[in-house]
Amino acid sequence: MPKHTIKIGIIGGTGLDDPDILESRKEKSVTTPFGDPSDVLIEGKISGVDCILLARHGRKHTIQPSTINYRANIWALKEAGCTHILASSACGSLKEEIRPGELAILTSFIDRTHSRIQTFYDGAPTSPAGVCHIPMEPAYCPVTAKVVEESAKALNIKIHPSVACVVIEGPRYSSLAESKMYRLWGGDIVNMTNVPEVVLAKEAGICYSAVALITDYDCWRDTGNKVCVEEVMTTFKNNVQSLISLLKHVIPEIAKKDWDKEIDAIKECAKTSVMLPS
């Protein structure tokens, strides 16, 4: 028998924070050494698997990307016993072949944020001791990503299996020059929230995978609409059911697998990345 009991945290981004995807749900208010998370934790089940849903921006979308308490969100899910996190977000495309309405699996990132604390190990009295130099390759759990990809294929959902995400500070969208620069850097998509979320999940020893729903082409194209809130929300609402179907399919598939090797490895990575005071 596996020694780790699977529990999956679902971090719902823009448009994906509907608690109705959970069965037997109940709300739980928590706090952490880093403050309160974005909203209550909504506990429940999907196909018999224990899950926790957390609205990244709050259920009324009142928290902007730069002021999300990422540390409290990840810490709360860790303390609740989550072994995995499946995160979703609305993203802009930087490639012609990555089309609005399609899904993509994040495998790396380019960090363009500048105001966010990216570690639990900040020297505060209530924080863990030491300095954490967490490696970010692989940034995301490749085994979880593979299960997500296989689930998308089983559902005949178009998904791009390996994309690099440029994470910008926000809340504004990119300028034309920035958007063109991100393409030159090798970015495939752009969003505002994946860093420091992915970094903190790895520090916490949690298997983290992120799925993007492509909503727009940002502003780099010479033709077509430029990114705007109306377009993003319309595209998301028109295609969110594919993302929900994917989550509902992948969660029981994750639960079927023995994750002891992967969970032990990521926890060991988190532990050995910390330099303790001498």
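The values are calculated or read from the model by the stated rules, or taken from the named source; none is laboratory data. Everything numeric in this text was worked out from a predicted model, so none of it was measured. Here Cβ is always computed from backbone atoms with ideal geometry, including for glycine, and neighbour counts include all displayed protein chains. For the accessible areas, the whole protein counts, side chains as well, though only heavy atoms, and no ligand, DNA or RNA atoms are used. Shrake-Rupley method; radii C 1.70, N 1.55, O 1.52, S 1.80 Å.
If I measure Cβ to Cβ between cysteines in the chain, which ones have no partner under 4.7 Å?
C51, C82, C91, C132, C165, C219, C228, C269
Between the alpha-carbon centers of the range 260-278 and the range 105-171, tell me the distance in whole angstrom.
17
Under unit Cβ charges (Lys, Arg +1; Asp, Glu -1), what dipole magnitude, rounded to 20 debye, does the chain have relative to its Cα centre?
Working: 31 positive and 34 negative charges, 32 e Å.
Computed about the Cα centre, the dipole is about 160 debye.
Any idea how far the Cα center of the range 239-255 sits from the one of the range 207-229, in Å?
Between the Cα centres of the range 239-255 and the range 207-229 lies a distance of 21 Å.
Where the Cα atoms of the range 1-153 are projected onto their three principal axes, how long is each span, largest first, in whole Å?
48, 40, 39
Taking H as built 1.01 Å from N, whose amide H comes closer than 5 Å to the amide H of I85, not counting residues under 5 places away?
So I85 has HN proximity to G9, C207, Y208, S209.
Mind ordering 143-151, 208-216, 112-120 by average Cβ neighbours within 10 Å, highest first? Please list the in-between numbers first.
On the way: 143-151: 19.6, 208-216: 26.6, 112-120: 15.9.
By packing density, highest mean first, the sequence is 208-216, 143-151, 112-120.
Quick one: net charge around P2, please, counting Lys, Arg +1 and Asp, Glu -1 for every other residue with C-beta under 12 Å from its C-beta. Intermediate values should be presented prior to the final figure.
On the way: positive: K3, K256, K257, K261; negative: D258, D260, E262, D264.
Neighbourhood net charge equals 0.
Karplus couplings for the range 205-217 from phi (6.51 cos²θ - 1.76 cosθ + 1.60, θ = phi - 60°), rounded to Hz, Gly and Pro as x?
Values per residue, Gly and Pro as x: x, 10, 6, 10, 9, 10, 10, 9, 9, 6, 10, 6, 9 Hz.
Simple spin-label model, 7 Å along Cα-to-Cβ: K271 to K28 in nm?
About 2.4 nm separates the two model spin labels.
With a 10 Å cut-off between alpha carbons and a GNM built on the chain, which of T193, T223, T126 moves the most?
Checking each option, the largest mean-square fluctuation is seen for T223.
Within 10 Å, count the other beta carbons around each residue, average over each peptide in 249-259, 268-278, and list them highest first.
Values: 249-259: 17.7, 268-278: 11.5.
Highest to lowest by the protection proxy: 249-259, 268-278.
Put +1 on the Cβ of each Lys and Arg and -1 on the Cβ of each Asp and Glu in the chain; which of G48, I68, V131 then has its Cα farthest toward the positive end of the dipole?
G48
Determine the distance separating the Cα centre of the range 178-194 from the Cα centre of the range 63-94; give it in Å without decimals.
The distance from the Cα centre of the range 178-194 to that of the range 63-94 comes to 20 Å.
Whole-Hz Karplus ³J(HN,Hα) for the range 79-85, in order, using 6.51 cos²θ - 1.76 cosθ + 1.60 and θ = phi - 60°, x for Gly and Pro?
Couplings: 5, 7, x, 5, 8, 9, 10 Hz.
For the chain, what is the percent of antiparallel DSSP beta bridges, rounded to the nearest 5?
Numbers: 17 of 46 bridges.
Percent antiparallel among DSSP bridges in the chain is about 35.
Can you check what the net charge comes to around P142, using other residues whose Cβ is under 11 Å from the Cβ of P142 (Lys, Arg +1; Asp, Glu -1)? Mind showing how you got there, number by number?
Working: positive: K146; negative: E137, E149, E262.
Neighbourhood net charge equals -2.
Which cross-chain or sequence-distant (5 or more) residues have an amide H under 5 Å from the amide H of I110, H modelled 1.01 Å from N in plane?
C165, V166, V167
Ordered by residue, what ³J(HN,Hα) values in Hz, to whole numbers, does the range 22-39 give under the Karplus form 6.51 cos²θ - 1.76 cosθ + 1.60, where θ = phi - 60° and Gly and Pro are x?
The phi angles translate into 9, 9, 6, 7, 8, 8, 9, 8, 9, 10, 9, x, 10, x, 8, x, 4, 7 Hz.
Packing-wise, with mean Cβ within 10 Å as the measure, how do 158-171, 175-188 rank, highest first?
Numbers: 158-171: 19.4, 175-188: 15.9.
Packing order, densest peptide first, comes out as 158-171, 175-188.
At a Cα cut-off below 15 Å, give the aspartates and glutamates reachable from K256, other chains included and same-chain residues fewer than 8 away excluded.
Here the aspartates and glutamates satisfying the reach criterion relative to K256 are D50, E150.
For the chain, report the accessible area per residue in Å² (1.4 Å probe, heavy atoms, rounded to an integer). If you can, show how the numbers build up before the last one.
Working: 12430 Å² over 278 residues.
The answer is 45 Å² per residue.
Just for the range 1-114, what percent of DSSP beta bridges are antiparallel, to the closest 5? Walk me through the numbers before you get to the answer.
Details: 10 of 19 bridges.
In the range 1-114, approximately 55 percent of DSSP beta bridges are antiparallel ones.
Taking the Cα centre as origin and putting +1 on Lys and Arg beta-carbons and -1 on Asp and Glu beta-carbons, what dipole magnitude results for the range 53-133, to the nearest 20 debye?
Working: 9 positive and 6 negative charges, 53 e Å.
Here the range 53-133 has a charge dipole of around 260 debye.
So which of K7/K237; K26/K202; K158/K237; K7/K28; K60/K146 end up more than 24 Å apart by C-alpha?
Values: K7/K237 27 Å; K26/K202 27 Å; K158/K237 17 Å; K7/K28 16 Å; K60/K146 32 Å.
Going by Cα-Cα distance, K7/K237; K26/K202; K60/K146 fall outside the 24 Å limit.
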